[in-house]
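**Q** This is the structure, below, for whatever I ask next.
The values are calculated or read from the model by the stated rules, or taken from the named source; none is laboratory data. What you are looking at is a predicted structure, and each value in this text was computed from that prediction instead of being measured. With ideal geometry, Cβ positions are generated from the backbone for all residues, glycine too; neighbour counts draw on all protein chains shown. These area figures cover heavy atoms from the full protein model, side chains too; ligands, DNA and RNA do not enter into them. Shrake-Rupley method; radii C 1.70, N 1.55, O 1.52, S 1.80 Å.
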Amino acid sequence: MNILRRNRRLRTNEVIRSLVRETVITPNDFIVPLFIVEGKGIKEEIPSMPNYFRYSLDLLEKEIKELCLLGLKSVLLFVKVPDNLKDNKGTEALNPNGLMQRAIDCIKNAVPQILVMTDVALDPYSIFGHDGIIENGQIINDPTVEVLSQMALSHAQAGADFVAPSDMMDGRILSIRNTLDNNNLTNIGIMAYSAKYASAFYGPFRDALDSAPVDVQNIPKDKKTYQMDYANRIEVLREVESDIEEGADIVMVKPGLCYLDIVREVKNCVNVPVSVYQVSGEYAMIKAASEKGWLDHDAVMLEQIYAIKRAGADLIASYFAKDVVKLL
Ligand code: PBG
């Protein structure tokens, strides 16, 4: 037969396939999200996130050392705040001796070279489970930005390398940048959750931190007045553009798999690193289907991670980081 082009030649065996492979995954691609709780000796599994745990500070140290041995060198911290410390304004978030601040210190003491990123948003601290302060049933922007800036400052003073505002308030990147700079913290980076969609895939995360919006009259039941409408693509360009102008060092798209068109769109339009958060619901889906024997866990996991990187992710926040790296 006269076939003009035999594309299968480059797929003949694994050696040639790996020689021409376009996308490569290494431990350097990952940011490991970590959930932290008060107490001692606690390593508790999150029911909707099988094989993912909340750690108390004493056991966190061991986990960090394990990550390090696997070559995972960046972490993103989230804290589960006791109910009695929650209020409308996130007062506890500014406590210099709060759980987040102690966690940063603990990690930096255990392994100084670990890059510590921290979540900046009010929801774990909010009695209403929202990322901002509520007044008359609305999430109010500017007063929230003030608190977020102080929160970022507090994390940086505790030793965080990067702050990661995940709240989607307007103007928070500029305000955080100015606050850090005015306190001589010019080296502290900002990873902005720039394209964060109002997604149902955050469910298991909200279980992990007990941070879901409350079901109370006059309180919004969802985050649609600040997180993005998943029907939109062009709007994302305005979000990343303003975050970069305001001082973001890294921009993020979140969730991952359902938003790979957005990842590519952003990657093609910006000249800062793009990170992607493969979120809790994406993790839970793979776990559930593989527990039922319906999908091959490792194969599907790798395929999704490669897809995220191929779409344009320079870095990936993923609950699978350890599992993936062990397979490489
Ligand atoms: C809170 C925050 C959320 C996630 C990261 N930071 C949840 C939310 O916005 O409700 C979700 C992460 C995940 O689902 O894995 N601002």
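**Q** If Arg264 passes every condition in (1) in contact (Cβ under 8 Å) with a residue 12 or more places away in the chain; (2) under 17 Å from Ser199 (Cβ atoms); (3) in a helix (DSSP H, G or I); (4) of a type outside the set (Val, Ile, Thr) but one, which one does it miss?
**A** Result: Arg264 fails condition (2) only.
**Q** Got at least one residue in the stretch 126-134 being of a type in the set (D, E, K, R), within 15 Å of the ligand (Cβ to nearest atom) and touching a residue at least 12 places away in the same chain (Cβ under 8 Å)? Give the steps one after another, and end with the answer.
**A** Taking the stretch 126-134 first, the residues of a type in the set (D, E, K, R) are 131.
Right, trim to within 15 Å of the ligand (Cβ to nearest atom) and you get 131.
Next, only the ones that are touching a residue at least 12 places away in the same chain (Cβ under 8 Å) stay: 131.
Yes, the conditions are met somewhere in the stretch 126-134.
**Q** Right, next: Would you confirm, using the coordinates I've provided, whether Gly129 is among the small types (Gly, Ala, Ser), closer than 30 Å to Val216 by Cα and not in a helix (DSSP H, G or I)? It would help to see each step written out before you state the result.
**A** Working: among the small types (Gly, Ala, Ser): yes; closer than 30 Å to Val216 by Cα: yes; not in a helix (DSSP H, G or I): yes.
Taking the combined requirement at face value, the residue satisfies it.
**Q** From Asp314, Asp298, Asp249, which residue is more than 28 Å from Asn187 (Cβ to Cβ), open to solvent by 40 Å² or more (accessible area, probe 1.4 Å) and among the acidic types (Asp, Glu)?
**A** On the way: Asp314 fails: more than 28 Å from Asn187 (Cβ to Cβ); Asp249 fails: more than 28 Å from Asn187 (Cβ to Cβ).
Matching residue, one of Asp314, Asp298, Asp249: Asp298.
**Q** Residues that are part of a loop (DSSP other than H, G, I, E, B) and within 13 Å of the ligand (Cβ to nearest atom): does the stretch 173-195 have at least one?
**A** To start, the set of residues in the stretch 173-195 that are part of a loop (DSSP other than H, G, I, E, B) comprises 183-188.
Next, from what is left, pick out any that are within 13 Å of the ligand (Cβ to nearest atom): none.
No.
**Q** Going by the conditions given, is Pro33 in contact with a strand residue (DSSP E or B) (Cβ under 6 Å, 6 or more places away or on another chain), under 16 Å from Ser74 (Cα atoms) and at pLDDT 95 or above?
**A** yes
**Q** Let me ask you something else. Condition test on Thr23, is it farther than 30 Å from Gly281 by Cα and either under 31 Å from the mean Cα position of the chain (by Cα) or without any contact (Cβ under 8 Å) to a residue 60 or more places away in the chain (or both)? Working first, answer last.
**A** Details: farther than 30 Å from Gly281 by Cα: no; either under 31 Å from the mean Cα position of the chain (by Cα) or without any contact (Cβ under 8 Å) to a residue 60 or more places away in the chain (or both): yes.
No: the conditions fail for Thr23.
**Q** Of all residues being surrounded by fewer than 21 Cβ atoms within 10 Å (Cβ to Cβ) and of a type in the set (S, T, N, Q) in the stretch 75-123, which is farthest from the chain's Cα centre (by Cα)? Just the residue, please.
**A** So the residue we want is Asn84.
**Q** Taking the stretch 55-74 as the region of interest, how many residues are part of a helix (DSSP H, G or I) and open to solvent by less than 10 Å² (accessible area, probe 1.4 Å)?
**A** Going through the stretch 55-74, the residues part of a helix (DSSP H, G or I) turn out to be 57-69.
Adding the requirement that they be open to solvent by less than 10 Å² (accessible area, probe 1.4 Å) leaves 60, 64, 67.
Qualifying residue count, the stretch 55-74: 3.
**Q** Separate question: Are any residues in the stretch 200-225 surrounded by fewer than 20 Cβ atoms within 10 Å (Cβ to Cβ) and either of a type in the set (A, V, I, L, M) or near the ligand (Cβ under 9 Å from one of its atoms) (or both), and if so, which ones? Outline the logic, then answer.
**A** Our first condition is that a residue be surrounded by fewer than 20 Cβ atoms within 10 Å (Cβ to Cβ); within the stretch 200-225, this holds for 200, 203, 206-207, 210, 212-222, 224-225.
Residues satisfying the conditions are Ala200, Gly203, Arg206, Ala212, Pro213, Val214, Val216, Ile219.
**Q** Then there is this: Quick check: is even one residue across the stretch 228-245 surrounded by fewer than 17 Cβ atoms within 10 Å (Cβ to Cβ), at positive phi and within 16 Å of the ligand (Cβ to nearest atom)?
**A** no
**Q** Still on this model: Any idea which of Leu115, Leu148, Leu59 is without any contact (Cβ under 8 Å) to a residue 24 or more places away in the chain, of a type outside the set (Asp, Glu) and in contact with a Lys or Arg (Cβ under 8 Å, 6 or more places away or on another chain)? Give the steps one after another, and end with the answer.
**A** Numbers: Leu115 fails: without any contact (Cβ under 8 Å) to a residue 24 or more places away in the chain; Leu148 fails: without any contact (Cβ under 8 Å) to a residue 24 or more places away in the chain.
Sole residue among the options that is without any contact (Cβ under 8 Å) to a residue 24 or more places away in the chain, of a type outside the set (Asp, Glu) and in contact with a Lys or Arg (Cβ under 8 Å, 6 or more places away or on another chain): Leu59.
**Q** For the stretch 143-165, check the following and say yes or no: at least one residue is in contact with a helix residue (DSSP H, G or I) (Cβ under 6 Å, 6 or more places away or on another chain) and within 21 Å of Arg264 (Cα to Cα).
**A** No - not one qualifying residue is present in the stretch 143-165.
**Q** What are the residues in the stretch 260-286 that are within 13 Å of the ligand (Cβ to nearest atom), touching a strand residue (DSSP E or B) at 6+ places or on another chain (Cβ under 8 Å) and either β-branched (Val, Ile, Thr) or open to solvent by 10 Å² or more (accessible area, probe 1.4 Å) (or both), if any?
**A** Across the stretch 260-286, the qualifying residues are Val276, Val279, Ala284.
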